[in-house]
Amino acid sequence: MRPIVTKFGGSSLADAGQFKKVRDIVKLDSRRLFVVPSAPGRRFDGDDKVTDLLYKCHSLNAAGEDFKWVFDIIRERYLEIARELSLTVDIGKYLDEVEKNIAAGASSDYCASRGEYLNGLLMADLLGYTFVDPQNGIFFGADGRLDEEKTNEVLGELLSKVESAVVPGFYGCGFDGKVKTFSRGGSDITGAIVARAVNAEVYENWTDVSGFLMADPRIVGDARSISHITYREMYELSCAGATVLHEDSVFPVSRAGISTNIRNTNMPEHPGTMISCTAVNRKDFAIFAGIAGKKGFSIILAEKDKPDNSQDLVVGTLEAIKKSGIHFDYMPSGVNNVSLLVETGEFYLGSDKFYGEMEKIKVPHYISVHDNIALIVLVGYGVIHNRETIFRIYEILRKNNIDIYMLNQGSSELSTWVGVNESHLNEAIQAIYSEFTK
């Protein structure tokens, strides 16, 4: 029997009541043998996340100011959970240790990671599972990046020795042996790493939404949920602004062929969204998987003064953008022109270097830059195979008086890219969504 790995987000573990929901979910299926908890999130509007409070403790201490009043808030959060659940773990002892280490000048990574660490101790006691510290099984290299193979080997060996375990999310062991964290949202990555290490049947990611929606509900109020989506589609949408899942968390499980199931802790009966390597199980395959948008882009257009058949301008522009340290997301080009979609902030940081490099190109040319561009990505195999997709997008935006700066289907047969003015981002997403779901 292959196990199930369950990761629970901060909203799922905000208080004792949420802990009880998690316990009930875990106990519903005997295969849920490995649990990855985040730190306690907000209990109500205006409340603080424990991780934010821990960062504040570190910054106050580093500035030589008193942080005890903030840590007392953290202490009470954990003590209250332990009391209400009648736990036996001496969480006060561990809190004392964390406070002492912060006062002694512990790193920002150490301070931030203690939210998950302390929650892991509580969860292990509640479930009767073994507590496994990820500092002993998740490793980062000298470059600060995850050492995937060492981690998979060592963590797999550690977890093979226990029947069930709680592995706190968000952190591991740095190259110097000290605590190192992932970026914010990194508990998603920990869950995927654990799933790969134990060859899980499925990786369940429990949060406060019932799976993946086809559009941001703040933009499309009645956005549909989708039962199945592929890892490639999910990654494209994550890069374009969708925030359901940490984009780096798909790699460990997708490579291992393990599906990810996004579920809602507050609605455990809802099947959520299954993310897999293929979309063969998707009933609504003919429609798109989702749409997402992001502001803050510019389009750089380099064009020859006099048309000819050489590739010098294209090659020279690519060399200039590379030497200036600017990344580009999209490149429609021809013999006589090339367009680059770049993040505006990054472009202007490296623009002097870019213009200097462009002056070295012997082909006479001129450059124009269009700012305030919003990038919209329409993702889905069902859409890309429809030859009318481009026409339908063009027509619906034209009818809504929205100017199009860019419209192209990617060569990967997965995504369609649309560029509009930032002021029309929400309106364009609403129009395109309605067109493809009517």
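The values are calculated or read from the model by the stated rules, or taken from the named source; none is laboratory data. Remember, predicted model here, so these are calculated numbers, not experimental data. Neighbour counts are summed over all protein chains in view; Cβ atoms, including those assigned to glycine, are modelled from backbone coordinates with ideal geometry. Just so you know, the surface numbers come from the protein's heavy atoms only, side chains and all, with ligands and any DNA or RNA stripped out. Shrake-Rupley method; radii C 1.70, N 1.55, O 1.52, S 1.80 Å.
A few notes on this one:
- Convex hull volume per residue in cubic angstrom - Cα atoms of the chain: 172 Å³
- Measuring nothing but how far apart in sequence close Cα pairs (under 8 Å, 6+ apart) lie, relative to its length, the chain scores a relative contact order of 13 percent.
- Magnitude of the charge dipole, the range 326-438, Cβ model with Lys/Arg +1 and Asp/Glu -1, debye to 20: 360 debye
- Computed log₁₀ I(q)/I(0) - Debye formula, equal Cα scatterers, no solvent, the range 1-121, q 0.15, 0.18 Å⁻¹: -0.69, -0.93
- Label-point separation in nm, SER30 to SER434, each point 7 Å along Cα→Cβ: 5.3 nm
- Axial C-alpha extent at least 24 Å, average Kyte-Doolittle at least 0.0 - helices from the chain (DSSP): 108-127
- Dipole of the chain, positive end: most advanced residue of SER310, SER11, ILE102 [Cβ charges, Cα centre]: SER11
- Accessible area of the chain belonging to carbon and sulfur atoms, whole % at 1.4 Å probe: 48 percent
- Sparse-neighbourhood loop sites, chymotrypsin sites (Phe, Trp or Tyr not before Pro) in the range 1-51 - DSSP loop, at most 15 other Cβ within 10 angstrom: PHE44
- The modelled label-to-label distance for the pair ASP45/ILE390, using points 7 Å beyond Cα in the direction of Cβ, is 4.6 nm.
- Residues ARG398, ARG196, ARG255 ordered from highest to lowest accessible area at a 1.4 Å probe: ARG255, ARG398, ARG196.
- Calculated log₁₀ intensity ratio I(q)/I(0) where the Debye formula runs over C-alpha points of the range 270-361, q = 0.10, 0.12, 0.25 Å⁻¹: -0.43, -0.55, -1.28
- In straight-distance terms, cross-link reach from LYS353 covers every one of the aspartates and glutamates whose alpha-carbon lies under 20 Å from its own, apart from those fewer than eight places away in the same chain; here that gives GLU303, ASP312, GLU319, ASP329, GLU343, ASP371.
- Secondary structure note: in the chain, about 65% of the DSSP beta bridges are antiparallel.
- Projecting the Cα atoms of TYR405, ALA223, THR344 onto the dipole axis of the chain, where Lys and Arg carry +1 and Asp and Glu carry -1 at the beta carbon, places ALA223 farthest toward the positive end.
- Ordering CYS277, CYS57, CYS239 by accessible surface, largest first, gives CYS277, CYS239, CYS57; the 1.4 Å probe counts only protein heavy atoms, with every chain in place.
- The range 339-438, Cα convex hull volume normalised per residue, Å³: 130 Å³
- Ratio of the Cα radius of gyration of the range 165-314 to 2.2 N^0.38 Å, where N counts its residues: 1.32
- Fully extended contour minus Cα-Cα distance, from HIS327 to GLU76, at 0.36 nm per residue: 85.8 nm
- Rounded Å value of the spacing that divides the Cα centres of the range 17-46 and the range 417-436: 37 Å
- Rounded Å value of the spacing that divides the Cα centres of the range 48-100 and the range 200-226: 32 Å
- Surface accessible to a 1.4 Å probe, per residue, for the residues of the chain, Å²: 46 Å²
- Of the whole protein surface, SER108 contributes about 40 Å² of accessible area at a 1.4 Å probe radius.
- Signed unit charges on C-beta, dipole axis of the chain, positive-most listed residue SER160, LEU237, LEU28: LEU28
- Two-decimal ratio, the range 60-148, of alpha-carbon radius of gyration to 2.2 N^0.38 Å: 1.23
- Proximal aspartates and glutamates to LYS322, defined as alpha-carbon separation beneath 12 angstrom and excluding residues fewer than eight positions away on the same chain: GLU357
- For the chain, built as a Gaussian network whose Cα springs stay under 10 Å, the top-fluctuating residue of ILE291, ILE193, ILE402: ILE402
- Mean residue ellipticity (222 nm) of the chain, computed from DSSP H runs ≥ 4 via -39,500 (n - 2.57), nearest 500: -12000 deg cm²/dmol
- Whole-number percent relative contact order across the range 1-94, with pairs defined as alpha carbons under 8 Å at least 6 apart: 26 percent
- With R₀ set to 25 Å, the beta-carbon distance separating SER423 from SER59 gives a calculated FRET efficiency near 0.10.
- Only Lys, Arg (+1) and Asp, Glu (-1) charged, at Cβ; the chain dipole about Cα centre in debye: 780 debye
- In the structure shown, the pairs LYS306/LYS360; LYS68/LYS100; LYS49/LYS294; LYS20/LYS161 are assessed against 19 Å; a Cα-Cα span above that value is assigned to LYS49/LYS294; LYS20/LYS161.
- Principal axis analysis of the Cα atoms in the range 89-234 yields extents of 50, 37, 32 Å, listed in decreasing size.
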